[in-house]
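The values are calculated or read from the model by the stated rules, or taken from the named source; none is laboratory data. Everything numeric here is computed off the predicted structure, so don't read it as measured data. Glycine also receives a Cβ, built like all others from the backbone with ideal geometry; neighbour counts cover every protein chain displayed. For accessibility, only protein heavy atoms count, side chains too; no ligands or nucleic acids. Shrake-Rupley method; radii C 1.70, N 1.55, O 1.52, S 1.80 Å.
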Amino acid sequence: MSETKRKICVVGSGAWGSAIAMLLDRNGHEVTLWSYEPEVARTLTETGRNPFLPGVELPRSITHSSDLSCVRGHKYVVMASPSFAVRQTSRNAAQHLDKDAVLISLAKGIEADTGLRMSEIIAQETGCRVAVLSGPSHAEEVSRGVPTGCVIACADKAIAEDLQDIFMSLSFRVYSSPDVVGVELGAALKNVIALCAGICDGLGYGDNTRALLMTRGLTEVARLGMALGSRQETFAGLAGVGDLIVTCCSMHSRNRRAGILIGQGKTAQEAMTEVGAVVEGYYAARSAIELARKVGVEMPITEQAYEVLYHDKSAKEAMMVLMHRQKASEAEDVGWA
């Protein structure tokens, strides 16, 4: 834990951005929180309340702004925009960023058409060094100081260790990793599996089905990850199985809630409207399939999720397709004595 006070700007005042701003403020840092809409910045300043974090009051010591020039003069800038806004926000912020700024990406997703991860987009638009913070972490719980563990991934070990000091507290434990690819893919694609887990709940299936989907879903996510250069052990850690558990099993998860509605018969668009917030798994399903086809990796669960979400395939039919696949060994490339 750092004893040095840092100036840190958090770009994006949704639930996760606000929760991280609160964490950094509690750690003794000087925090500025940027909102896309001026009226949101005014409301946060006046009330200290974020509707996405019910019952939680933001510290008055946090400074609020809707002007992206507020990133100027900050060595550490946390990028907390939703995945669909990451490119434009990064592009808009680029002209104001200090040359030696370190950006920390919180966004979980893969860009459609390009197949780029969020850190790649941020680096492309800003030219800055980028680290990734991810793991099993509901914003609602982090904002209340519930004990939580995450991973900071960066190719530069010194930056990763510095960021560990900045983010770590008695309620927020941070591990470091050099595997940016694996951490980001685990973060993005677990949302697809959480949608599927929710769909099975909506269909009235039980714990057995959810466990089957989670386990085999993680297998295909790891398969894609390793094809793209990540480490297998990353998917057994906080950014892999840890994030998958918390997203598939909690009603805090927007992806699981949307999946439940789809399983109950609503379209993907109707489900996302009812959830009322960004459902990252919807966008990640399309991007994952494009990536998997590009590198020749089989992802049967993600493939069926894509068909349900984008081609109106019946959720029950998709489940039957998965259950009637050709028999296989659980361990790939297994050898028999």
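Which pairs break 32 Å Cα to Cα here: Lys108/Lys157; Lys190/Lys316; Lys99/Lys190; Lys7/Lys294; Lys5/Lys190; Lys7/Lys157? If you can, show how the numbers build up before the last one.
Details: Lys108/Lys157 22 Å; Lys190/Lys316 21 Å; Lys99/Lys190 34 Å; Lys7/Lys294 41 Å; Lys5/Lys190 34 Å; Lys7/Lys157 21 Å.
Over 32 Å Cα-Cα: Lys99/Lys190; Lys7/Lys294; Lys5/Lys190.
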Within the set of other residues whose C-beta is less than 13 Å from the C-beta of Asp25, count the net charge using Lys and Arg as +1 and Asp and Glu as -1.
+3
Measure nothing fancy, just the Cα-based angle from helix 157-167's long axis to the longest principal axis of the chain, in degrees from 0 to 90, nearest 10.
70
Residue by residue through segment 16-27, the couplings from Karplus 6.51 cos²θ - 1.76 cosθ + 1.60 with θ = phi - 60°, in Hz, x for Gly and Pro, are 6, x, 5, 5, 5, 4, 5, 4, 5, 5, 5, 7
I need the phi-derived Karplus couplings for segment 295-300: 6.51 cos²θ - 1.76 cosθ + 1.60, θ = phi - 60°, integer Hz, Gly and Pro marked x.
9, x, 10, 7, 9, x
Taking every DSSP bridge whose two residues both lie in the chain, the antiparallel percent to the nearest 5 is 20
Expressed as a whole percentage, what fraction of the accessible surface of segment 205-337 belongs to carbon and sulfur atoms when a 1.4 Å probe is rolled over the protein heavy atoms?
52
Rg [Å, one decimal], Dmax [Å, integer] - segment 30-108, C-alpha atoms:
12.9, 38
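Rolling a 1.4 Å sphere over the protein heavy atoms, what is the accessible area per residue of the chain, to the nearest Å²? Before the final figure, lay out each step's value.
On the way: 15120 Å² over 337 residues.
Heavy-atom accessible area per residue stands at 45 Å².
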Just to be sure I understand: with springs between alpha-carbon atoms less than 10 Å apart, which residue in Leu44, Leu103, Leu212 has the highest mean-square fluctuation in the Gaussian network model of the chain?
Leu212
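Compute the whole-percent fraction of alpha carbon pairs in segment 232-334 spaced more than 18 Å apart. The partial results should precede the final answer.
Working: 3034 of 5253 pairs.
Considering segment 232-334, 58 percent of its Cα-Cα pairs are separated by more than 18 Å.
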Size of the dipole of segment 144-250 about the Cα centre, Lys and Arg at +1 and Asp and Glu at -1 on the beta carbon, nothing else charged, in debye to 20?
280
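Which translational diffusion coefficient, to the nearest whole µm²/s, is obtained for segment 93-234 from the Stokes-Einstein equation, given a Kirkwood hydrodynamic radius over C-alpha pairs, 20 °C and 1.002 mPa s? Provide the component values of the computation, followed by the final result.
Details: Rh = 16.5 Å.
It comes out at roughly 130 µm²/s.
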Taking springs between alpha-carbon atoms closer than 10 angstrom, which of Arg60, Arg117, Arg256 fluctuates most in the Gaussian network model of the chain?
Arg60
What residues qualify as long-range amide H neighbours of Arg129, i.e. H under 5 Å apart, gap of 5 or more or another chain, H built at 1.01 Å from N?
Leu103
Once amide H atoms are built 1.01 Å from N in the peptide plane, which residues 5 or more positions from Tyr76, or in another chain, come under 5 Å H to H?
Cys9, Val102
Tilt of helix 207-227 relative to the longest C-alpha principal axis of the chain, in degrees (0 to 90, nearest 10)?
70
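Please report, as a whole percent, how much of the solvent-accessible surface of segment 1-99 comes from carbon and sulfur atoms (probe radius 1.4 Å).
Numbers: 2360 of 4740 Å².
Answer for segment 1-99: carbon and sulfur cover 50 percent of the accessible area.
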Determine the shape class of segment 151-309: with a ≥ b ≥ c the square roots of the Cα gyration tensor eigenvalues, call it rounded for a/c under 1.5, and otherwise prolate if a/b is greater than b/c, oblate otherwise.
prolate
Projecting each Cα onto the charge dipole of the chain (Lys/Arg +1, Asp/Glu -1 at the beta carbon, about the Cα centre), which of Asn208, Val246, Ala41 comes out farthest on the positive side?
Ala41
Let a ≥ b ≥ c be the square roots of the eigenvalues of the Cα gyration tensor of segment 141-199; is it rounded (a/c under 1.5), or, if not, prolate (a/b larger than b/c) or oblate?
oblate
Net charge within 11 Å of Gly149 by Cβ-Cβ distance, Lys/Arg positive one each and Asp/Glu negative one each, not counting Gly149 itself?
0
Determine the relative contact order of the chain: mean sequence separation of Cα pairs under 8 Å and six or more apart, normalised by residue count, in whole percent.
14
Can you pull the three principal axis extents for the Cα set of the chain, in Å, largest first?
58, 44, 36
For Leu33, which sequence-distant residues (separation of 5 or more, or a different chain) have an amide H within less than 5 Å of its own amide H, given hydrogens modelled in the peptide plane?
Val10, Thr63, His64, Ser65
To the nearest 20 debye, what is the magnitude of the charge dipole of the chain about its Cα centre, counting +1 on the Cβ of each Lys and Arg and -1 on the Cβ of each Asp and Glu?
160
For segment 75-90, just list the computed ³J(HN,Hα) in residue order, Karplus coefficients 6.51, -1.76 and 1.60, θ = phi - 60°, integers in Hz, with x standing in for Gly and Pro.
6, 10, 10, 8, 9, 10, 6, x, 4, 5, 9, 5, 5, 5, 5, 5
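At 222 nm, what helix-only mean residue ellipticity would the chain give, in deg cm²/dmol to the nearest 500, using -39500 (n - 2.57) for each DSSP H run of four or more? List each step's numbers first, then the result.
Details: 14 runs with 162 residues, N = 337.
So the calculated ellipticity at 222 nm is -15000 deg cm²/dmol.
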Checking Ala21, Ala85, Ala41 against a Gaussian network model of the chain (alpha-carbon springs below 10 Å), the top fluctuating residue turns out to be Ala85
Checked segment 165-241 with the C-alpha gyration tensor, a ≥ b ≥ c its square-rooted eigenvalues, rounded below a/c of 1.5, otherwise prolate if a/b is larger than b/c and oblate if not; verdict oblate
